[in-house]
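**Student:** Just passing along the structure, written as structure tokens.
Any read-out appearing in this document is the output of simple, stated calculations on the displayed coordinates, not a laboratory observation. Computed from a predicted model, the values in this text were never measured in an experiment. Every residue, glycine among them, receives a Cβ derived from its backbone with ideal geometry; neighbour counts consider all protein chains shown.
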Amino acid sequence: MYRPKKIFTLAFLYIVLINYTIIVIYPIFLMIQTAFKENKEIFLNPYALPQSWDFSNFIKLFKISDYAVYFRNSILVAVISIFLILVISSLASYVIAKYEFPLRNFLYIYFLAGLMIPIKLGTVNILQIMVKLHFFDNIVSLIIVYIAMGIPIGIFILTDFIREIPEELSNVARIDGCSEPRIFFNIIIPLLRPALAAVAIFNFVPIWNQFWFPLILIRSNRMWTVPLATAQLYGQYQTQYGLVFAILAVASLPVIVFYLILSKQFVKGLSAGALKG
Amino acid sequence: MADVYLKKKKNKRYYILIFLLPAIIIYTCFMALPLFNSMIMSFFTGEGLIPNQFCGFENYVRLFTKIPYKERFFNAFWNNVKFFLMVVMIQNLGGLFISILVTRKFRGNTFFRRITYLPTTLSVLVAGFLFCLILNPIWGLFDKIFVVIGLESWVRPWLGDPSTALPAISFVTGWQYLGIPILFFTAAIDGIDKEIFEAAEIDGAGIWTTVKHIILPLITPVIGIITILTFVGNFTGFDIIYAIAGSTGAPGYATDIFGTLFYRAAFAAKDRGGWGIGMGATVASIMFIIIFLGVMFFLFIFKVKGIRKKK
């Protein structure tokens with residue numbers, strides 16, 4: 001970090017950044033405040049603050065749809081798939097980072113290729129597989145696909161991290177008669193915490209916002225995730241502005257709050273991944 | 001001691017397989033194989049979910065030479081190229097500009113840094129729907145700004161006019177995803193040794209010289225990574241077009257890109273632009289080839305060494 005020299009430079013800096021911040025935040029702010037307005041007010045005073053913060057759009061939205069179900073589905077999918085991504089990729093990363101075995105480098109590159117190749121291009125076959133396994137129209141199909149999608153980045157970040165853990169630690173435990181799984185769970189996993197957090201953060205937003213796979217693999221209302229519900233309900237109520245903005249606000253408020261609370265860890269985790277990527 | 005350790009390690013070799021197996025099975029069955037099988041599927045034709053008549057390269061010939069296939073395909077290709085060029089300009093130039101500003105030392109820089117990533121956490125759908133409303137000529141905020149500053153002649157249905165729809169969508173994508181290049185660029189600029197900047201300052205180097213001779217050469221690989229990420233993202237992009245222009249890339253296919261073409265071809269009903277699973281797989285295979293060649297090209301241009309760059 002280096003210090004700007006002149007007052008003039010500093011003024012320029014603030015003017016540009018404040019304008020940029022307005023461009024970034026105002027649309028989001030507009031979306032949230034409009035959700036609290038009645039339909040008439042939206043057209044009369046579209047940009048003023050709402051006269052009274054009115055929850056009727058939200059109440060109506062929750063009445064005509066099953067947001068509790070959509071949120072439950074989205075949370076279940078995100079939590080289960082991220083947890084399994086962490087377990088599966090830390091197990092594999094540990095072996096790849098610490099053991100010598102045939103095809104080790106090939107396997108590492110095989111996993112990393114998934115960073116570059118979008119799984120979306122295999123959707124035709126994924127749909128066929130899910131129909132055959134009777135997971136079509138079931139969130140289980142989403143969980144499986146998201147795990148496959150998250151493994152490359154997980155292995156990438158974790159292998160790098162485990163390599164830096166000194167081998168002496170595990171060797172001391174081995175001499176004490178510790179079994180390999182116990183070394184992994186009792187020594188490696190606690191040390192891995194920051195890297196695991198980075199992988200979880202890296203995967204959370206793309207998984208939470210995933211729209212392509214729900215659109216193709218999910219049909220019935222009770223299996224909808226939040227983004228799928230957003231699209232379906234937006235199409236259905238397009239002309240009722242108050243309701244539409246409530247739909248958008250409900251879809252984005254949880255992520256916005258999550259980001260604002262955790263923004264420090266977020267940026268740290270993502271930059272760690274970014275630097276390595 | 002080493003002996004004991006080696007012996008133990010040999011006894012425990014079956015753990016290697018057990019630890020690796022879950023990752024190998026899931027990754028292979030639900031990522032690598034589907035990709036491969038989809039390519040295979042492009043050599044088949046027939047009705048239903050699993051086409052079973054082998055037809056060689058017939059699907060490819062149809063895609064490149066027969067109407068309406070070739071029309072839709074080349075239209076999507078050129079739209080995708082334009083879309084990519086516009087977004088990659090916004091991402092690299094805008095991202096670099098903001099990053100150079102926020103990596104300077106001043107009160108509030110952490111606030112500005114964090115705020116830049118906020119739109120990126122939104123779902124693409126929400127951003128798309130939101131800007132549909134903002135760019136709407138009757139109600140929308142965007143045209144109101146022109147009216148206020150006296151440029152009423154600029155007011156237009158940005159998303160309804162075929163000549164402005166794709167640039168407008170590129171702007172929305174740029175707005176949403178600028179956080180990613182900023183994150184990468186700021187991490188890279190923060191990683192540059194502070195002494196280099198101090199030395200430059202002592203030598204009397206201005207901001208422009210510092211950017212041109214210190215920052216730019218050191219972050220060229222990052223520009224390469226941003227370009228590749230944007231390229232892959234845009235050439236498989238779908239959500240933003242679906243949200244703003246629907247699955248046919250309205251108005252009149254002016255915003256139809258590979259993502260929407262693939263969706264329609266493979267998964268839509270026949271009367272809504274569906275071409276059957278075999279043709280859908282063919283579109284996916286061509287997308288795969290284009291993305292593969294593109295990534296290789298950018299790796300070469302930016303001399304990014306493999307997937308891993310030096311820290």
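**Student:** With θ set to phi - 60°, apply the Karplus curve 6.51 cos²θ - 1.76 cosθ + 1.60 along the range A:242-255 and write out the HN-Hα couplings as whole Hz, x wherever there is a Gly or Pro.
**Tutor:** x, 5, 4, 5, 5, 4, 5, 5, 4, 5, 9, 4, x, 5
**Student:** Could you tell me, in Å, what Rg and Dmax come out for the Cα atoms of the range A:7-59?
**Tutor:** Just the Cα atoms of the range A:7-59 yield Rg and Dmax of 15.8, 51 Å.
**Student:** Also, I was wondering about something else. Which order do the peptides A:200-206, B:168-174 take when ranked by the mean count of other beta-carbon atoms within 10 Å per residue, highest first?
**Tutor:** B:168-174, A:200-206
**Student:** Using amide H atoms built 1.01 Å from N in the peptide plane, name the residues 5+ places from B:Phe44, or on other chains, whose amide H lies under 5 Å from its own.
**Tutor:** When sequence neighbours closer than 5 places are left aside, the close amide H contacts are B:Cys55.
**Student:** If you take every residue apart from B:Val283 with its C-beta less than 10 Å away from the C-beta of B:Val283, what net charge results, scoring Lys and Arg +1 and Asp and Glu -1?
**Tutor:** +2
**Student:** For chain A, with the dipole built from +1 on Lys and Arg beta-carbon atoms and -1 on Asp and Glu ones, taken about the Cα centre, which of A:Thr239, A:Leu270, A:Ile218 lies farthest toward the positive end?
**Tutor:** After comparing all options, I get A:Thr239.
**Student:** Let me ask you something else. How far is the Cα center of the range A:151-204 from the Cα center of the range B:68-124, in Å?
**Tutor:** So the separation of the two Cα centres works out to 35 Å.
**Student:** Something else: Work from the charge dipole of the protein assembly as shown (Cβ charges, +1 for Lys and Arg, -1 for Asp and Glu, about the Cα centre) and give the residue of A:Ile28, B:Phe106, A:Tyr67 farthest towards its positive end.
**Tutor:** Ranked along the dipole, the leading option is B:Phe106.
**Student:** Follow-up. Around B:Asp256, under 13 Å between beta carbons, what's the net of Lys plus Arg minus Asp minus Glu among the other residues?
**Tutor:** That sum, taken over residues with Cβ under 13 Å, equals +2.
**Student:** To the nearest 20 Debye, how big is the dipole of chain B about its Cα centre, given +1 on the beta carbon of each Lys and Arg and -1 on that of each Asp and Glu?
**Tutor:** Using only the charged Cβ atoms, the result is roughly 1320 debye.
**Student:** Taking chain B as a Gaussian network, Cα atoms linked when under 10 Å apart, which of B:Phe288, B:Phe57, B:Phe262 shows the biggest mean-square fluctuation?
**Tutor:** Maximum among the listed residues: B:Phe57.
**Student:** Over the range B:37-125, what portion of Cα pair distances is larger than 20 Å, expressed as a whole percent?
**Tutor:** Tail fraction, whole percent: 64.
**Student:** Another question, then. May I ask for the Rg/Rh ratio of the range A:68-236, computed from Cα atoms with Rh as the Kirkwood radius, given to two decimals?
**Tutor:** When Rh is taken as the Kirkwood radius, the ratio is 1.06.
**Student:** To the nearest whole number, what is the average tally of beta carbon atoms from other chains within 10 Å of the beta carbons of peptide A:205-213?
**Tutor:** That works out to 4 on average.
**Student:** Based only on Cα atoms, what mean projected area does the convex hull of the protein assembly as shown have, in nm²?
**Tutor:** One quarter of the hull surface, i.e. the mean projection, equals 30.9 nm².
**Student:** Just list whichever of B:Lys82/B:Lys212; A:Lys120/B:Lys270; A:Lys98/A:Lys268; A:Lys264/B:Lys194; B:Lys82/B:Lys303; A:Lys264/B:Lys144 have alpha carbons separated by over 32 Å in the model shown.
**Tutor:** Long pairs (Cα-Cα over 32 Å): A:Lys264/B:Lys144.
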